[in-house]
Amino acid sequence: MILSDGWFANPTSKAGRCSPRRGCAWRMQFVLAALLGAAVTGNALGGQANSLMDISADGKLLACANRDSGSVTVVDLATHTKLREIQVGKKPEGLSFLGDTHRLAVAVYGDDVVHILNADAGTRERSIDVFDEPYAVVSTADGGRIYVTLEYPGQIVEIDPVEGHVVRTFDAGRFPRGIALAPDESRLYYCEYFTAVVRVIDLKDGQTVDEWTGPATDNLARQLVVHPRRPKVYLSHIRSKITAVHGAGSIFPYLAIVDTRPGEDRRRTRIPMDAFRGNLVTANPWEVAVSPDGRRLYIVFAGTNDMFACDIVDDDYREVAEAGYLQLGNNPRAVRVAPDGNTFYVYNALDFNVVAYDAKQLRPVASVSVCDCPLDEDVLAGKRLFYSALQPMVSRRWISCSSCHPDGDADGRTWHNPEGLRNTQSLAGMAWTHPIHWSADRDEVQDFEHTIRGPLMQGRGLIRGKLNDSLAEPNRELSAELDAVAAYANSHAFPLSPHAKGGLSAAAHRGRELFFSKETRCATCHAGPLYTDSRPDAGGEFVLHDVGTGGDDPSEKMGPKYDTPTLLGVYRTAPYLHHGRAVTLRDVLTTCNAGDRHGKTSHLSDAELDDLVEFLKSLPFEDPEPAAREAGLVKIER
């Protein structure tokens, strides 16, 4: 049987092959549900949409990825007890049970590897190396294939988990994260992280066959799910309205619904997540789950520590109606529904636990500690505040520090700030490269108390008493909570570039010679092991440079001189320059370098420019911290 959009395909086809216990019966449940409107009793969504958690097809085990601990925890759902914790590496993100087995695939974001685990034995069966940043993983119903998003360089890989190798690679735009299989497994949906654009790949020929684009303000979409019976895809994301100068209404939570049927009048809509409970504001939606019968949707908010349970409305208009509200633990990042639909589970990332809820009564029934807290006490306290959109950080519940710097990364946006256009920077290595901001107007993280109390966040603040001006007397040691925020913000290390895994290429070696040549003068400002002359121990006398970009922005209030950003990790942080007008690294060297004020590059040939870009993309090719310490550079710990 075939419905619109190929929703159910021939189960004997390669894309829809059946597993003996899960496959054909699993698909027949979808067909019967579509025809009769009956509830699906099997694990309709198990393995079909990415998440930090997954539940085995038999409903016996739950697994969750513990990003801070570098581990995967396996939970017995009959007793709600932790069975085992398996160390897997740096920053595990998505995981998925393989078919109807207790084998697991886990994407280890920081180590560029996908591990296949045996959840019963607690062992690692094999490892598959990938290029960089594997984020999400889903499995086919028979466990014969897994699909993994590589956030950088923007790919999806199809992996044979038995043989342990990549079968196919698909181009997937820029920074793909969320991924989900259609119920018949003929199509693969994914979303871009920074744009929330949804695309679909026809798995028969590997071609992208459709795309659903929202407004340009859509941002930070980590995950999407497919309805088990209707041609709908759901994803949560925020709106980043960069033109709101003082931040009013600039960050906003949405649930987007994509109608996958053909026709321009049935494409994509979005539901504001303050439309329920008297316009209760929520912040930073992280994951969505749909119940196996397709009647209930759950969405968790990592900034306000809460959840909406929604009835799915089959009218192609309202889409969802609020059915319940729950207050959760600290920084909820995942929600998953049991195969029978009677229980759902929430992963509170900064409480390091999984809580089980009765789906009918919307009340907790069990809590499982999944790992010990691996963070220092002050870093944990600071991270909780960094992710919080509640008092004392925020008064109106709509934004947190992590809304623009999730997990210490940038949000891919250039904001219209009161001082002018400002491209969001990563926090990686910030401890080594104070002062902070493009204009070097803050010399310690504690100065962000001004932002917390100011028009943007309007929080009570963390200092009880006098707040010193930025660059004046230090605000350090005036508040243990504020010092904790600084400890967390300064804890982010530089990731090594995937472009130099085998060492510098021949092109990068040539580019390195150009970079350090006296003629280009690149290393005059981008100097030393951190590739910057910005120093935390400068005593307030910071080195700023006019590179000819200050006049590009009529709204600029503080230029034309700016702090030198580090070049470490520049391969993945486009757009570039304070105003974000350099789309590529080549633009930095050419179209945005009038008069050779940003290094002398006008004399370089196309081949030399390519070599120089290859070197920049290779930074850092080794850990810079040992060399920084040897050079006597100062690292700010808090």
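Please treat every number below as a calculation from the coordinates, not as lab data. Treat the numbers as computed from the prediction; the structure is a model and nothing was measured. Backbone-built Cβ (ideal geometry, glycine too); neighbour counts: all protein chains shown.
Quick look at the numbers
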{"quantity": "Charge context of residue 219, other residues only, Cβ under 14 angstrom, K/R +1, D/E -1", "calculated": "+3"}
{"quantity": "Theoretical gain in end-to-end length, residue 583 to residue 248 [0.36 nm per residue, Cα-Cα removed]", "calculated": "117.9 nm"}
{"quantity": "Cut-off 18 Å (backbone N to label point 7 Å along Cα→Cβ of residue 365), residues of the stretch 78-115", "calculated": "78-82"}
{"quantity": "Which of 298, 325 has the fewest Cβ neighbours within 10 Å, and the rest in rising order", "calculated": "325, 298"}
{"quantity": "Lys/Arg +1, Asp/Glu -1 at C-beta; the chain dipole; positive extreme among 359, 108, 633", "calculated": "359"}
{"quantity": "Built amide H within the under 5 Å cut-off of residue 543, gap 5+", "calculated": "535"}
{"quantity": "Under-5 Å amide H pairs with residue 143, H placed in peptide plane, nonlocal only", "calculated": "99"}
{"quantity": "The stretch 319-462: relative contact order in percent, alpha carbon pairs under 8 Å with at least 6 residues between", "calculated": "14 percent"}
{"quantity": "Whole-number percent relative contact order across the chain, with pairs defined as alpha carbons under 8 Å at least 6 apart", "calculated": "9 percent"}
{"quantity": "Descending principal axes extents, the stretch 79-237, alpha-carbon based, whole Å", "calculated": "46, 35, 31"}
{"quantity": "Dipole magnitude of the chain about its Cα centre (Cβ charges: Lys, Arg +1; Asp, Glu -1), debye to nearest 20", "calculated": "1420 debye"}
{"quantity": "The stretch 236-296 versus the stretch 87-135: alpha-carbon centroid distance in Å", "calculated": "30 Å"}
{"quantity": "Derived scalar couplings ³J(HN,Hα) [the stretch 453-467; Karplus, 6.51 cos²θ - 1.76 cosθ + 1.60; whole Hz; x for Gly, Pro]", "calculated": "7, x, x, 5, 9, 6, x, 5, x, 10, 8, 9, x, 5, 9"}
{"quantity": "Alpha carbon convex hull of the chain, volume per residue in cubic angstrom", "calculated": "154 Å³"}
{"quantity": "Kirkwood Rh and Cα Rg combined as Rg/Rh, the stretch 498-630", "calculated": "0.96"}
{"quantity": "DSSP-assigned coil residues among trypsin sites (Lys or Arg not before Pro) in the stretch 531-600, each with at most 15 further Cβ atoms within 10 Å", "calculated": "557, 561, 597"}
{"quantity": "Top positive-direction residue, dipole computed over the chain with Cβ charges, set 74, 574, 584", "calculated": "74"}
{"quantity": "Hz values of 3J(HN,Hα) by residue in the stretch 58-71 - Karplus curve (6.51, -1.76, 1.60), Gly and Pro given as x", "calculated": "7, x, 8, 10, 10, 10, 9, 9, 9, 4, 5, 8, x, 9"}
{"quantity": "Proximal lysines relative to residue 60, as straight alpha-carbon distance under 29 Å, when same-chain residues fewer than 8 apart are discounted", "calculated": "14, 82, 90, 91, 232, 360"}
{"quantity": "Per-selection metrics, the stretch 4-369 (Cα): Rg and Dmax in Å", "calculated": "18.6, 58"}
{"quantity": "Peptides 629-638, 401-410, 545-554, 287-296 ordered by average Cβ neighbours within 10 Å, highest first", "calculated": "287-296, 401-410, 545-554, 629-638"}
{"quantity": "In order through the stretch 412-424: 3J(HN,Hα) via Karplus (6.51 cos²θ - 1.76 cosθ + 1.60), integer Hz, x for Gly, Pro", "calculated": "x, 10, 10, 9, 8, 7, x, 8, x, 5, 9, 6, 5"}
{"quantity": "Label-point separation in nm, residue 622 to residue 407, each point 7 Å along Cα→Cβ", "calculated": "2.8 nm"}
{"quantity": "Neighbour net charge for residue 520 - beta-carbon separation under 10 angstrom, K R +1, D E -1", "calculated": "-1"}
{"quantity": "Mean-position separation - Cα centroids, the stretch 598-638 and the stretch 476-496, in angstrom", "calculated": "25 Å"}
{"quantity": "Ellipticity estimate at 222 nm from DSSP helix runs (n ≥ 4, -39,500 (n - 2.57)) divided over the chain, nearest 500", "calculated": "-3500 deg cm²/dmol"}
{"quantity": "Quarter of Cα convex hull surface for the stretch 404-444, i.e. mean projection, nm²", "calculated": "3.0 nm²"}
